[in-house]
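K.L.:
Attaching a single structure in structure tokens format; questions to follow.
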Amino acid sequence: MAESFHAAFEAVLAGDDRALDPWLAEGVAAHAGLAVYRNTVAKGRVDALAGLYPSIVRLVGADWFRDAALIFAAARRPSHPVLDDYGDDFPDWLERFPPAAGLAYLAPVARLDAAWSRAHCAADAPVLASAALAGLSTPALFAARAVLHPSVSLFWFDWTVVSIWQANRPGAEAVADLAWEARAEGLLLLRPGLTVTSRRLTRLEWVFLDACRRGLTLGEAASAALAHDLSSDLGTLFAGLLTAGAFTRIAPETPS
């Protein structure tokens with residue numbers, strides 16, 4: 001019986017005004033009272049989305065965002081009471097949302113907002129320090145895998161998504177001449193300590209990190225980077241990524 005009531009209450013929140021009739025007294029007042037719950041739930045979902053996608057709010061304005069979020073939230077209930085990851089498909093939804101058809105940057109910018117939230121909530125993990133590599137020979141190092149920190153997200157775009165995202169994060173200063181144009185940009189998002197950080201990536205760095213993400217050895221990652229740019233300084237590249245906190249540990253070669 002309790003499960004039936006909960007299902008009916010959820011149906012009312014979704015717009016079915018008659019779903020709770022078996023539990024309600026007759027009359028308009030009983031049904032009118034349900035509007036309070038419906039509005040509270042809708043506002044909670046919209047507020048959660050606004051907190052998770054602040055760059056989108058800043059880009060489109062509070063009114064546009066609220067109207068879009070209400071449409072999204074009406075069709076998607078949270079999977080659990082904590083709303084930290086509510087709307088994880090919001091970027092994909094924005095891509096199909098007709099009023100956003102002329103705003104091609106919205107969906108990719110939303111994906112960066114979502115990645116920021118994932119990094120913020122990611123599991124704590126140690127950061128690999130260069131001292132941990134001191135005892136490894138060059139062959140052993142090249143045969144090992146550098147495991148990415150669990151908070152890491154990697155991105156490469158053919159358009160200026162990163163510039164638009166960074167300029168529209170909370171607290172960022174407005175940029176008057178920011179343009180949506182075909183200029184490739186990469187980004188590393190992570191939380192090596194208590195604070196989420198972002199770091200722009202060169203294509204070479206992205207190639208190296210993507211190889212590590214796919215479980216390739218450091219030797220294979222180095223080969224991929226050299227195939228992209230034979231003159232690259234891999235030592236400096238790897239040291240910079242270590243300093244950024246991109247890795248959590250070295251996994252030695254697995255004996256065959």
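The values are calculated or read from the model by the stated rules, or taken from the named source; none is laboratory data. These numbers come from a predicted model, not from an experiment. For neighbour counting, all protein chains shown are included, and Cβ atoms are generated from backbone atoms with ideal geometry for every residue, glycine included. When the accessible area is computed, the model is the full protein with side chains, heavy atoms only, and any ligands, DNA or RNA have been set aside. Shrake-Rupley method; radii C 1.70, N 1.55, O 1.52, S 1.80 Å.
K.L.:
Give me the pairs, please: first residue somewhere in region 232-252 and part of a strand (DSSP E or B), second residue anywhere and surrounded by fewer than 16 Cβ atoms within 10 Å (Cβ to Cβ), beta-carbon distance under 7 Å, and either six or more positions apart or on two chains.
P.N.:
T248/P126; T248/P150; I250/A132
K.L.:
I need the full set of residues from region 175-205 which are hydrophobic (A, V, I, L, M, F, W, C) and either crowded, with 21+ Cβ neighbours inside 10 Å or in contact with a Lys or Arg (Cβ under 9 Å, 6 or more places away or on another chain) (or both), in order please.
P.N.:
To start, the set of residues in region 175-205 that are hydrophobic (A, V, I, L, M, F, W, C) comprises 175-176, 178-180, 182, 184, 187-190, 194, 196, 201, 204.
Correct list: A184, L187, L188, L189, L190, L201.
K.L.:
Identify, please: which residue in region 168-199 is under 16 Å from the mean Cα position of the chain (by Cα) and charged (D, E, K, R) and is, among those, farthest from L148 (Cα to Cα)?
P.N.:
For region 168-199, the residue satisfying everything is R169.
K.L.:
With respect to P139, determine if the residue is open to solvent by 70 Å² or more (accessible area, probe 1.4 Å), touching a helix residue (DSSP H, G or I) at 6+ places or on another chain (Cβ under 9 Å) and over 16 Å from P54 (Cβ atoms). So that I can check it myself, show each step before the final result.
P.N.:
Details: open to solvent by 70 Å² or more (accessible area, probe 1.4 Å): yes; touching a helix residue (DSSP H, G or I) at 6+ places or on another chain (Cβ under 9 Å): yes; over 16 Å from P54 (Cβ atoms): yes.
Answer is yes for this residue.
K.L.:
Just the residues that are polar (S, T, N, Q) and either assigned to a loop (DSSP other than H, G, I, E, B) or in contact (Cβ under 8 Å) with a residue 12 or more places away in the chain (or both), please, taken from region 135-157.
P.N.:
S137, S151, S153
K.L.:
Going through region 152-166 one residue at a time, which ones are among the β-branched types (V, I, T) and crowded, with 21+ Cβ neighbours inside 10 Å?
P.N.:
Selection gives V152, V161, V162, I164.
K.L.:
Out of A132, A74, I need the residue that is at pLDDT below 95, assigned to a helix (DSSP H, G or I), open to solvent by 70 Å² or more (accessible area, probe 1.4 Å) and among the hydrophobic types (A, V, I, L, M, F, W, C). Which one?
P.N.:
A74
K.L.:
Just a yes or no: is a residue in region 44-53 at pLDDT below 95, within 30 Å of P252 (Cβ to Cβ) and touching a Leu at 6+ places or on another chain (Cβ under 6 Å)?
P.N.:
Within region 44-53, none of the residues are at pLDDT below 95, within 30 Å of P252 (Cβ to Cβ) and touching a Leu at 6+ places or on another chain (Cβ under 6 Å).
K.L.:
Across region 217-231, what is the total count of residues that are touching a strand residue (DSSP E or B) at 6+ places or on another chain (Cβ under 7 Å) and part of a loop (DSSP other than H, G, I, E, B)?
P.N.:
Residues meeting the conditions: 1.
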